[in-house]
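Everything on this sheet refers to the single structure shown next.
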Amino acid sequence: MRFPVVHQALLALVLVGCAIAPPAPPAAKAVALPPAVTLNRLHGNPGETMEFLITLRGITVGRVQTAVGQPGLISGRQAIIVKSQAIGEGVIAIATDYRGELTTTLDLERGAPMSMRKEEWMVVLGKPDHNEHSQSWGITNDRHEAHSAAGLLRGWISRPGDRATFRLWFGGGTEVTVVNSGRVLFPVGNRPAIRYDGTVGTEHPFTVWISDDTARVPLRMRAPTPLGVAEAELVHYDAPRD
């Protein structure tokens, strides 16, 4: 038994960042997302943790916690491990006892995933179920999964109007287009942020707000789904101790 809508809302949304259809972006020059930038900005800050509240049509459906490990050598390459856990709450908890995990090993030299493992546990009508999937990539891989895509966006050094593309692993290589829509004042805490608008493929628009500071923390993400608009909002952030 699988629950793709639940998994998207609780895990992939917060990592990739999908949103309500934005206004048409202005014409801009095309630039490529860098294959690697500084370590901090490509994959987050080593040692940081984040927690996001997930809502669907304004109703709480779950939480996602993400932790970024410390860099080290894995299979002879400089790498880092990022792990996220999604837990169903609210209306989701009424229907199912749900928990999902996504663990990714990221190649710091290439800015691409080396491997990922996804697991889901759920209980529906008293019947437990467990799904898992693992994937490994070679050194020529140019596709991204949720964690590495989030790291790319956090690490993208751009100006308002700049446009970039990269490929997601979903569907064998879905193209994602993103535009820097400019600096804004994020309403929660009046925090300076940069808004990014774009599309996954040709039909799935998204918007992400990322803090305009050295931490480059995802603040809010939104996405239309068949059941309504889903939103992930940062509710807790622990910066690295060092």
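The values are calculated or read from the model by the stated rules, or taken from the named source; none is laboratory data. Just so it is clear, the structure is predicted and the values come from calculations on it, not from any experiment. Note that we place each Cβ from the backbone using ideal geometry, even for glycine, and neighbour counts take in every protein chain shown.
Residues are listed down the side, and each one gets a yes or a no for (1) of a type outside the set (Val, Ile, Thr); (2) farther than 20 Å from ARG159 by Cβ:
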site	(1), (2)
PRO192	yes, no
ASP197	yes, no
THR202	no, yes
ASP212	yes, no
PRO224	yes, yes
ALA230	yes, yes
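Take ARG183 and tell me if it is free of Cβ contacts under 8 Å to residues at least 24 places away in the same chain and over 22 Å from ALA86 (Cβ atoms). When the stated conditions are applied, ARG183 does not pass them.
Candidates are the residues of segment 190-214 that are surrounded by fewer than 17 Cβ atoms within 10 Å (Cβ to Cβ) and of a type in the set (Val, Ile, Thr); the one that is nearest to GLN135 (Cα to Cα) is THR202. Filtering segment 94-147 to residues that are in contact with a helix residue (DSSP H, G or I) (Cβ under 8 Å, 6 or more places away or on another chain) and over 20 Å from ILE54 (Cα atoms) leaves THR104, LEU106, LEU108, GLY111, ALA112, PRO113, MET116, VAL124, HIS144. Could you look through segment 155-189, keep only residues that are in a loop (DSSP other than H, G, I, E, B) and either surrounded by fewer than 15 Cβ atoms within 10 Å (Cβ to Cβ) or in contact with a Pro (Cβ under 6 Å, 6 or more places away or on another chain) (or both), and pick out the one that is modelled with the lowest pLDDT? Looking at the filtered set, the residue picked out is GLY173.
Out of PRO192, PRO128, one residue alone is within 24 Å of THR207 (Cα to Cα) and either of a type outside the set (A, V, I, L, M) or not in a strand (DSSP E or B) (or both). It is PRO192. Of the residues making up segment 222-232, not a single one is out of contact with any helix residue (DSSP H, G or I) (no Cβ under 9 Å at 6 or more places or on another chain), in a strand (DSSP E or B) and buried (at least 17 other Cβ atoms within 10 Å of the Cβ). The number of residues in segment 76-90 that are over 18 Å from the mean Cα position of the chain (by Cα) and not basic (Lys, Arg) comes to 5.
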